[in-house]
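Contents: one structure, followed by commentary.
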Amino acid sequence: MISKHLKSALLGVAMLGVAATGQAQNEQFIPMAGYWVGPFAAGGSGIYGGFIDYLNMINARDGGVNGVKLTYEKCEHEYNNARGVECYERLKKKGPTGASVFHTLSTGITYSILDKATADKIPLITIGYGRTDTSDGRVFPYVFPLVTNYWSQNTAKIKFIGSREGGMDKLKGKKIVNIYHDSAYGKETIPVLDAQAKTYGFTVTHIPVPTPGNEQGAQWLQVRQIKPDWVILRGWGVMNPTALKAAAKVGFPRDHIVGVWWSGAEEDTIPAGDAAKGYIAAGFNVAGANFPVVQEIKKAVYAKGKGEMEDQARIGSIYYNRGVVHGIITVEAIRTAQAKYGNKPLTPEQVRWGIENLNITEARLKDLGAAGFMQALKVSCADHEGGGAVKFQQWDGKQWKVITDWIQPDKQLVRGMIEASAAAYAKEKNITPRDCSKEG
Amino acid sequence: MLYREAGQFKTTYAADQQVFPIRQDRIAVAALLVVAFVGVPLFANQYWLSAILTPFLILALATLGLNILTGYAGQLSLGTAAFMAVGAFMAYNFALRLPWMPILVSFMLAGLCAAAVGIVFGLPSLRIKGFYLAVATLACQFFVLWALQRVGWFTNDSASGVITAQKMVILGYTFESPADKYMLTLCVVAVLAVLAKNMLRSETGRKFMAVRDMDIAAEVIGIRMMQTKLLAFGISSFYCGVAGALYAYAYLGTVEPEAFNLDLSFRILFMVIIGGVGSILGSFMGAAFIVLLPIFLNTVAGPIEHLLGITLPSGLMSNLELIVFGALIIFFLIVEPHGLARLWQIGKEKLRLWPFPH
C-alpha cells in the first residue's frame, strides 16, 4: 500500500520534473565566443554588445522567436586561435539542441574550426570576415560568409576608386598601395588585387604591417617613396589609428586612403584625432542610433536598466550596429528554419537549412526597422554570401557620413576566383561538391 | 605512513638506478599511466579530450623541450614558439610533398628540422649568456615567422598564409576522432618524456647541468662547451618541433604562422618558471597551470555571477579573469619561487615523516 503511494508520488515528481525541463528546454542556444579584452576589444565588445542586445530585445519584446526563447553564453577567447578552439568545444553541445550557429569574430579561429564545425554539422556564420572561398556553398555546406566577403568588398573598392578617378579606364597606370595586417585576415585580398591590377592596368604594392600594428613608421616611409595615388588600408584594431597618424606624418592625403570595414569604425578614427579627417572606409552597415531597430533595443532593454554596453554613447556606433546585423541575420535564419521544421528548438542541421534558404527582402528589412541599415540578403545553396555590396563612408571629424549608395562588387571576377579556390580546396581535401539542383 | 620507503632494499645496481626508486612512486606512476591510456579515452567527453587534455599534453611537451634547454642546460630562450612553428610547417611540407611517408616519420623529420634551426640560433650562446642570449633567441622568433609568412613554399603558396593539416594515417588507420588524436598525442608525449628523463640522468644530462651550474668549471673538467650547448639547443628544439607538429595536426587543424607568436613563447617560458625550472614533472604541472587556469576562471565566472545575482559588464569580467590569473602567478612565485614541482617535492618529504615528524 505504502509502496503504491510512494510509487505514484515518485511518478508525480518525475512528471513534474519532465514538465519543468520541458518548459526550460524551449530554448534556442547561441554561443557567443568573442573578446572583451586585448588589442581588438573595441570591435569584440561593440559587436557582441549589439548582437546580445538584439537577442535580449527579441526575448523581451516578442518572448523569443515564435515562443522559443533565445539563450546565449559568452566565452572569452582573446582573439587567440587556441582559446577559440576551446570555446568552440566548450559551447557546441550546450543548450537543449546544441549550438545553433557559431560566430567566432576572428578569421584565424574560423580557419581553425572550419573542419571541426563541418564534421560536427554546426553552421558557421562569418559576417564580413573569414575565409572568402567558403562562399561556394557546394564545397562548404556549413560555412556562411554572409552579407559580403573580402574579395567582393575589394572589387567594390576598386570600382569606387575608379569612379573617383572618373572612370575605370582612368585606373591605367595608377599606383595603389595595399597596407595590410600581417595575418591570414590581412592576406586574403592579395590575389584579387593582383588579378584586378592586371585587368585595369594599375600597379599594386603590398606592404605588410606586423600584428598588432602599433608601429608603422617604416611602412609609411615606403608609401612616401612609392607616391601612390591611393592607399588601401586593410587594418584591424590599434593598427588603424596608427596608420592614419603615420599617414598624416608623411603627408599622405587621408581622403585617398580607403579602408576595409574593419578599419572603418569610430574606434579607429577618434583616437587618430584630426589625422582621421577625410578618411574613407567601406562598410556593410551604417552608423546611427535613429534606426527603429536600435530604438526598439533602447526601449526594450536599456529602458529597463539592462543592456550590454557600459558606455551607452556607443549604441548606434559602427561596431554596435554591426552586432545588430549579426543579431538580425541569426534570428531571421532561425525564423526561416522554424517555418519548415516547426516552432521548437532546432538542431544545428535545421538552422543550417534556415541560413541556406535565408531571404531578407527590403520589405522584411522595413518590418524589422532596418531599412537602409543593411542590404537585402538572399542566400542559396551555391552562393553562401548573399549580398556583396558595400557603402562607402567618410569621416568628417565627428562622425561617419555615407558618401555612396550600395556599390555592387565585380561578381563575375569574384565568383570565378571563389570557385577556382574552392575547387582546389575540395581536391586537396577529397570533398565531392554538392549538387545544388538536388537540395531542397 | 603510506608513503615510506623503509624496508625497500635494493640488492642490484639496476634496482638502485631505476627511474622511480620508491615502490609507491612506481605504483602511482603506473596508475597514472593506466588512467591516461585507458580511463581517460573511455570516460572523458569530447570537450575534455579535444579542448583541454590534448593541448595540455602538447604544451607540456613544448615546455619539456624548453626545460631541457633552460632548466637543465641553463640557456635562456625566447624562440620556443618559432621552433614549434618550424615543426608544424615542416611536418605539413613533408606530408604534402612526400605523401608516402608515414606521418610519425614526418613529425620526427620536422622535429629534426626544428633541431637544425635551433642549433643555428643556438650559436650565439657560445659567446653570450643570460638575458642577452634571450634577446638573441628573440631574433629567431621574428626571423622564423617572417620567413614562414614571406616564403610561399612553406605554405604551399596559400594566399592567406595558412596551412591545413592533412589527415593523420598510420598503417591505414586514420586518426580523426578526439580520442584518437588524444591517444596519438599521449603516446608521443609519453615516449619523449621517458627518453628525456633517461637522457637527463645520463652523461649528457650531467654535462648539461654542469654547464648550467658553472660553465667555466665545466670547461675545466673537460666538457666541450660548443658541443654541449648546441646539443642542448638541438634536443630542446627537436622536442618543441614535434610539439609544434602535434599542435597543428592534433589540435588546431589549420594554422597560420601568427599562432606561433612571441606570446606563445612567453607562455611556455612561464610554464617552465611556474612548473619548476629543471624538472620534468614541473613541465607538466606548469603546462597544466597555464593552460587550465584561464579556462577554469572563464568557466566559473558565469556561475559565480549567477550565484551572487549580479551582472558585471562583460569587459570587466574578462579583465577580472586576467587580474586573478596574474595575481595567482605572483602568489605562487612568492610562496614557492622554485615552482610547483618544488611544492610537490616538499609535500612528498613531509609525507614521508607523517604522522610522526621528528
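Numerical summary
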quantity: Unique residue being of a type in the set (Phe, Trp, Tyr), more than 23 Å from B:Ser177 (Cα to Cα) and crowded, with 23+ Cβ neighbours inside 10 Å when the list is A:Tyr79, A:Tyr88, A:Tyr111; calculated: A:Tyr79
quantity: Matching residues in segment B:166-178 - criterion: being surrounded by 17 or more Cβ atoms within 10 Å (Cβ to Cβ) and more than 9 Å from chain A (Cβ to nearest Cβ); calculated: B:Met168, B:Phe175
quantity: B:Trp100 being of a type in the set (A, V, I, L, M, F, W, C), more than 14 Å from chain A (Cβ to nearest Cβ) and without any contact (Cβ under 8 Å) to a residue 24 or more places away in the chain; calculated: yes
quantity: Flag for B:Ala159 being more than 18 Å from B:Gly241 (Cα to Cα) and not in a helix (DSSP H, G or I); calculated: yes
quantity: Residue in segment B:127-134 that is assigned to a helix (DSSP H, G or I), in contact with a Ser or Thr (Cβ under 9 Å, 6 or more places away or on another chain) and either closer than 22 Å to A:Lys116 by Cα or free of Cβ contacts under 8 Å to residues at least 40 places away in the same chain (or both) present; calculated: no
quantity: Single residue of A:Gln375, A:Gln399, A:Gln408 found to be in the same structural domain as A:Ile125 (by TED's automatic domain parsing) and under 22 Å from A:Gly259 (Cα atoms); calculated: A:Gln375
quantity: From A:Leu171, A:Leu146, A:Leu105, residue being under 19 Å from A:Asn81 (Cβ atoms) and in contact (Cβ under 8 Å) with a residue 12 or more places away in the chain; calculated: A:Leu105
quantity: Residue match in segment B:225-246 (condition: in contact with an Asp or Glu (Cβ under 7 Å, 6 or more places away or on another chain), at negative phi and within 14 Å of chain A (Cβ to nearest Cβ)); calculated: no
quantity: Residue that is modelled with the lowest pLDDT [pool: residues in segment A:1-40 that are within 14 Å of chain B (Cβ to nearest Cβ) and touching a helix residue (DSSP H, G or I) at 6+ places or on another chain (Cβ under 7 Å)]; calculated: A:Val37
quantity: Leading residue by the ranking (farthest from the other protein chains (Cβ to nearest Cβ)) among those in segment A:114-132 that are buried (at least 23 other Cβ atoms within 10 Å of the Cβ) and polar (S, T, N, Q); calculated: A:Thr126
quantity: Enumeration of residues in segment A:324-349 that are surrounded by fewer than 20 Cβ atoms within 10 Å (Cβ to Cβ) and either at pLDDT below 90 or over 19 Å from A:Tyr54 (Cβ atoms) (or both); calculated: A:Ala339, A:Lys340, A:Tyr341, A:Gly342, A:Asn343, A:Lys344, A:Thr347, A:Glu349
quantity: From the options B:Thr70, B:Thr63, residue that is in contact with a Leu (Cβ under 7 Å, 6 or more places away or on another chain), away from chain A (no Cβ under 14 Å), in a helix (DSSP H, G or I) and polar (S, T, N, Q); calculated: B:Thr70
quantity: Tabulated pairs, segment A:400-412, first touching a residue at least 24 places away in the same chain (Cβ under 8 Å), second polar (S, T, N, Q) and in a loop (DSSP other than H, G, I, E, B), C-beta under 7 angstrom, 6+ apart or interchain; calculated: A:Trp406/A:Gln375
quantity: Selection status of A:Ala218, under 21 Å from A:Ser263 (Cα atoms), surrounded by fewer than 17 Cβ atoms within 10 Å (Cβ to Cβ) and either within 14 Å of chain B (Cβ to nearest Cβ) or free of Cβ contacts under 8 Å to residues at least 24 places away in the same chain (or both); calculated: yes
quantity: Filtered residues of segment B:213-230 (kept if crowded, with 19+ Cβ neighbours inside 10 Å and hydrophobic (A, V, I, L, M, F, W, C)); calculated: B:Ala218, B:Leu230
quantity: Residue match in segment B:260-272 (condition: over 18 Å from B:Pro294 (Cα atoms) and crowded, with 24+ Cβ neighbours inside 10 Å); calculated: yes
quantity: Which listed residue, of A:Tyr88, A:Tyr79, is within 21 Å of the chain's Cα centre (by Cα) and either assigned to a strand (DSSP E or B) or under 20 Å from A:Tyr320 (Cα atoms) (or both); calculated: A:Tyr79
quantity: Qualifying residue in segment A:336-344 (condition: in a helix (DSSP H, G or I), assigned by TED's automatic domain parsing to the domain that holds A:Lys121 and of a type in the set (A, V, I, L, M, F, W, C)); calculated: yes
quantity: Any pair with Cβ under 7 angstrom, 6 or more apart, that starts in segment B:212-225 at a residue that is under 17 Å from B:Ser125 (Cα atoms) and ends at one that is of a type in the set (D, E, K, R) and assigned to a helix (DSSP H, G or I); calculated: B:Ile223/B:Lys207; B:Met225/B:Asp215; B:Met225/B:Glu219
quantity: Residues of segment A:207-217 satisfying the condition of being under 21 Å from A:Leu193 (Cβ atoms) and over 24 Å from the mean Cα position of the chain (by Cα); calculated: A:Ile207, A:Gln216
quantity: Residue in segment B:147-170 that is over 26 Å from A:Ser112 (Cβ atoms) and either at pLDDT below 90 or of a type outside the set (D, E, K, R) (or both) present; calculated: no
quantity: Scope segment A:43-68; condition in a helix (DSSP H, G or I), surrounded by fewer than 24 Cβ atoms within 10 Å (Cβ to Cβ) and small (Gly, Ala, Ser); matching residues; calculated: A:Ala60
quantity: Selection within segment A:58-78 - out of contact with any Leu (no Cβ under 7 Å at 6 or more places or on another chain), closer than 22 Å to A:Pro348 by Cβ and within 14 Å of chain B (Cβ to nearest Cβ); calculated: A:Thr71, A:Lys74, A:His77
quantity: The one condition in (1) surrounded by fewer than 20 Cβ atoms within 10 Å (Cβ to Cβ); (2) within 18 Å of A:Thr132 (Cβ to Cβ); (3) among the small types (Gly, Ala, Ser) that A:Ser437 fails to fulfil; calculated: (2)
quantity: Criterion: in contact with a strand residue (DSSP E or B) (Cβ under 6 Å, 6 or more places away or on another chain), within 14 Å of another protein chain (Cβ to nearest Cβ) and not aromatic (Phe, Trp, Tyr) - qualifying residue of B:Thr254, B:Thr299; calculated: B:Thr254
quantity: Residue match in segment A:179-191 (condition: of a type in the set (Gly, Ala, Ser) and at positive phi); calculated: no
quantity: Subset of segment B:329-351 [closer than 24 Å to A:Val37 by Cα and either modelled with pLDDT of 85 or more or loosely packed, with under 11 Cβ neighbours inside 10 Å (or both)]; calculated: B:Ile330, B:Phe331
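One line per residue, one yes/no per condition, for (1) at pLDDT below 90; (2) part of a loop (DSSP other than H, G, I, E, B); (3) exposed (fewer than 15 other Cβ atoms within 10 Å of the Cβ):
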site: A:Gly386; (1), (2), (3): yes, yes, no
site: A:Gly397; (1), (2), (3): yes, yes, yes
site: A:Pro409; (1), (2), (3): yes, yes, no
site: A:Gly416; (1), (2), (3): yes, no, yes
site: A:Lys427; (1), (2), (3): yes, no, yes
site: A:Thr432; (1), (2), (3): yes, yes, yes
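The values are calculated or read from the model by the stated rules, or taken from the named source; none is laboratory data. Treat the numbers as computed from the prediction; the structure is a model and nothing was measured. FYI the Cβ positions are ideal-geometry reconstructions off the backbone, even for glycines, and counts take in every protein chain you see.
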